[in-house]
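The values are calculated or read from the model by the stated rules, or taken from the named source; none is laboratory data. Nothing here was measured: the structure is a model prediction, and the numbers come from that model. Positions of Cβ are generated from backbone atoms using ideal geometry, with glycine treated the same way; all protein chains shown enter the neighbour counts.
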Amino acid sequence: MSEFNPEGSGAPPEPAPTVVRRAPPFRVITVTSNKGGVGKSTIAANLAVYARALREDLPVVVMSFDDQFLPERMFRLGGNPPGPTVVDVMRDGDFGSGIRLGQFGVGYVPSSLDVGEYKRELTSPFKLRRILERSGWEGLVIIDTKSDLEILTQNAIAASDLAVIVVADSVSLAEAEKVYALLDAWGRPHEHSRILLSLVDLRVKYREGEHRDVLALLISEIRRRGYPLLETFISRSPKIESLYTNPEGRARSVLHAARESLVQRQLKHLADDLLRTLDRLPALPDLPSEATLPQPAAHEGPAEPAPLETPAPRPAELRRSDEIPLEERHLLSVDELLGTDDRIDTPDFRQ
Ligand SMILES: Nc1ncnc2c1ncn2[C@@H]1O[C@H](COP(=O)(O)OP(=O)(O)OP(=O)(O)O)[C@@H](O)[C@H]1O
Ligand SMILES: [Mg+2]
C-alpha cells in the first residue's frame, strides 16, 4: 500500500508548514457516464483485473450500482450465494461485510435489484465516502455506476479520488458537463476526474471538407472545454461482445480471454496510467457541508448534444497513414493520433 501513502517512502518528510489532509489508505475510481452503453461496466470490471495483475499486493474491490451484474458474472466463484449487497452496505454502513472474494483475487460487492428502490431513501451524496472512510479498509475500490446522475451515482462520484467519465460520442460528451457541474458544486478540483474515450472507431471518417474524423472532433471539443483527458482510449472491438455470450453465462475478462487483442493492450495502458495518476493525486478536499450546497440540475435525462466546434487545425506535418500499421495506430496516444493522417481505407478490423 506504499503507493497510496501520501508521504511516500524513504527519508522522513519535512514538517508541513500548513495542515495537509492525509489521504486515507484506500483510493476510489468511479467509472461513470449519464449515457448508457458506452462501456462503463466493461471498463470497470476489466480495470480491476488489470490493477490486480499490475500490483499483486494491492487489494482491489469492484462495487457496482449497475443492476446488470457484469462484475458478478466476471468475478463470482461458483454460484451466487445470498449475502450483503451494495444496498446493504449503504443501508448498514459496513463496507467490509459486503466484500466477497472473487476470481483473479478481485473482491466484489454484489449489486442488487433493489438499487432503484433504495435510491428513494438516500438523500446525501456523501454517505458512501463516509462509509469507506470509517471502514479502515485499505486498497483500491472501483465503482461501476448506472447510466444516470442520480443520488447513488452521485455517491459514487463524491466517494472517488478519480472519476473516469466515459465519452463515446457528442451526446456523452455533453453529459460530461453535468458531472463537472457536480464537481464544481462540491468544490472538487477537476484534477480528480479524467475523460476516457471509449468505443473509438478509427474507421469512421468524415467526407473531405468536413471534420476529418470522430476522434479529432471529440478531442478538440474536450480540449476547448478544458476537461482532463486520458491519453489512452478504448477502441470499439467486436471481440468484447463475444466475451459476454457463452453457455456458462459468465463474462470473460479481456486479460484472460482476449489476450492478443488491441483492447487488451489498451486496458493495460489504462490501468497503469490510472494507478500512476492515483499515486500522484493529493487527498480529496474535505467534503462540503451539505447545507451550503447548491442543488445541481443532475436528474434530467441525456441532453441534446451541444454543437461541436470546428476542431483545431491538424499539424501541417502529417505522417502518412500507410507508414503506421493499423494495430499500432490503436495504441498511439490521442496526441500522437492527431499528428497522423490516420485514415483507414480497409474495413478489416483484426481483433
Ligand atoms: N470496447 C468495446 N468494443 C465493442 N463493444 C463494447 C466495448 N465495450 C463495451 N462493449 C459492448 O457494449 C455494450 C455495453 O457495454 P457495457 O455494459 O460495458 O456499457 P455500460 O456503459 O456499462 O452500459 P449501461 O449504461 O447499460 O450500464 C455491451 O454489449 C458490450 O459488449
Ligand atoms: Mg453498465
Could you check the range 237-257 and list, in sequence order, the residues that are surrounded by 20 or more Cβ atoms within 10 Å (Cβ to Cβ) and in contact (Cβ under 8 Å) with a residue 40 or more places away in the chain? Ser237, Ile240, Ala251, Ser253, Val254
Options Ser124, Ser112, Ser147: the member that is more than 27 Å from Gly78 (Cβ to Cβ), part of a loop (DSSP other than H, G, I, E, B) and either free of Cβ contacts under 8 Å to residues at least 12 places away in the same chain or within 16 Å of ligand 2 (Cβ to nearest atom) (or both): Ser147
Of the criteria (1) more than 30 Å from Glu191 (Cα to Cα); (2) at pLDDT 95 or above, which one Leu140 fails: (1)
Does the range 42-82 hold any residues that are among the polar types (S, T, N, Q), surrounded by fewer than 24 Cβ atoms within 10 Å (Cβ to Cβ) and within 16 Å of ligand 2 (Cβ to nearest atom), and which are they? Gln68
Select from the range 127-144 the residues that are touching a Phe, Trp or Tyr at 6+ places or on another chain (Cβ under 8 Å), touching a residue at least 60 places away in the same chain (Cβ under 8 Å) and either within 16 Å of ligand 2 (Cβ to nearest atom) or of a type in the set (A, V, I, L, M) (or both) and list them in ascending order. Leu132, Leu140, Val141, Ile143, Asp144
Kindly provide the set of residues from the range 152-182 that are of a type in the set (Gly, Ala, Ser) and closer than 15 Å to Val141 by Cβ, ordered by number. Ala156, Ala158, Ala159, Ser160, Ala163
Taking the range 184-199, which residues are over 23 Å from Ala271 (Cβ atoms) and not in a loop (DSSP other than H, G, I, E, B)? Asp184, Ala185
Would you mind finding the one in Val61, Val20, Val28 that is outside any helix (DSSP H, G or I), farther than 23 Å from Arg252 by Cα and modelled with pLDDT of 95 or more? Val28
With the condition kept exactly as written, say whether any residue in the range 307-315 is within 16 Å of ligand 1 (Cβ to nearest atom) and at pLDDT below 90. no
